[in-house]
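Okay, so here's the structure we're looking at.
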Amino acid sequence: MSVASPVPTLSNRIVSLDQFRGYTVFGMFIVNFMGSFKLATPNILLHHHTHCSYADLIMPHFLFCVGFAFRLTFGRRDYKDGPRKAYTRVVRRILGLMLVAFSVYHVSRVASSWEEFTKMTFWDVMLKPMKNTWLQTLGQIALTSLWILPWLRTRIPTRIAFMIASGVAHHVACYYGYFVWVNTSPGGVDGGPLGFLTWTVPAILGTIVCDWVADARQANKHAPLAKMFFWSLVI
């Protein structure tokens, strides 16, 4: 009597996520490098305000990867150690990421002498770092991760409602002056202090796709490619 071959165990890594991460990092190098040669670079590879360019897609891709991996790793930690330890570990990692952002995006000299520094107010010193310097990519990832953390264990419809509410909140803030403020000197970067409200959209979408892909990794199931393709067109 023949013996059925054992079912191969699934790897903890999702290859498609690793591939998309690699593609996103590669795209980042392209747009950052080509951005130094604007006269010889096609507009599609540059950041501008006329339409959505390829360069404008890199940051959302990063946040999508963050949301996907965040949901995946948090779910595993929650299943293994329970929600309390999972939340504690994640908060520590987010705070650690903020510390990395503080060290990588260092603040330049704000005054030429001690006498000049003593005459400056708190906002004279901290406005640019809090509006620009510390809120580049790593800072925005940390804030966005902290913002979506309470909603990671909720159902998909709840996460979608939270995502829409975050986008609406950003529009309301812009209507009441945030858009003008964040674009005045010193200009904000990657959306400024409230940029995490918009970065919530690709991050939450990443958590949703994570659910679909993780569910498809079970026996006799396949990834809902048609559904993902349809909703990508809608979005």
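The values are calculated or read from the model by the stated rules, or taken from the named source; none is laboratory data. These numbers were taken from a predicted model, which means no experiment stands behind them. Positions of Cβ are backbone-derived with ideal geometry, glycine not excepted, and every protein chain shown enters the neighbour counts.
Data table
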read-out: Lone qualifier among R109, R89 - being within 30 Å of F29 (Cβ to Cβ) and either β-branched (V, I, T) or surrounded by fewer than 17 Cβ atoms within 10 Å (Cβ to Cβ) (or both); value: R109
read-out: Some residue of region 43-60 being closer than 25 Å to L149 by Cβ, of a type outside the set (A, V, I, L, M) and under 15 Å from the mean Cα position of the chain (by Cα); value: yes
read-out: Qualifying residue in region 218-229 (condition: touching a residue at least 40 places away in the same chain (Cβ under 8 Å) and not small (G, A, S)); value: no
read-out: Residue tally, condition within 19 Å of the chain's Cα centre (by Cα) and assigned to a loop (DSSP other than H, G, I, E, B), over region 177-235; value: 5
read-out: Filter pass, D190 being among the charged types (D, E, K, R) and within 24 Å of P129 (Cα to Cα); value: yes
read-out: Qualifying residue in region 178-196 (condition: touching a Pro at 6+ places or on another chain (Cβ under 8 Å) and modelled with pLDDT of 80 or more); value: yes
read-out: Selected residue (only one of V189, V168 is exposed (fewer than 13 other Cβ atoms within 10 Å of the Cβ), aliphatic (A, V, I, L, M) and farther than 14 Å from G67 by Cα); value: V168
read-out: Residue among Y87, Y79 that alone is in contact (Cβ under 8 Å) with a residue 12 or more places away in the chain, part of a helix (DSSP H, G or I) and either closer than 26 Å to P202 by Cβ or within 21 Å of the chain's Cα centre (by Cα) (or both); value: Y87
read-out: Output for region 27-84, where each listed residue is under 24 Å from G191 (Cβ atoms) and touching a Cys at 6+ places or on another chain (Cβ under 9 Å); value: G67, F68, A69, F70, R71
read-out: Output for region 1-43, where each listed residue is assigned to a loop (DSSP other than H, G, I, E, B), modelled with pLDDT under 75 and among the aliphatic types (A, V, I, L, M); value: M1, V3, A4, V7, L10
read-out: Residue list for region 31-73, restricted to those being of a type in the set (A, V, I, L, M, F, W, C) and free of Cβ contacts under 8 Å to residues at least 24 places away in the same chain; value: F33, M34, F37, L39, A40, I44, L45, L46, C52
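A quick yes/no check of all residues on (1) over 29 Å from S103 (Cβ atoms); (2) touching a residue at least 12 places away in the same chain (Cβ under 8 Å):
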position: L138; (1), (2): no, yes
position: L146; (1), (2): no, yes
position: P150; (1), (2): no, no
position: P157; (1), (2): yes, no
position: H170; (1), (2): no, yes
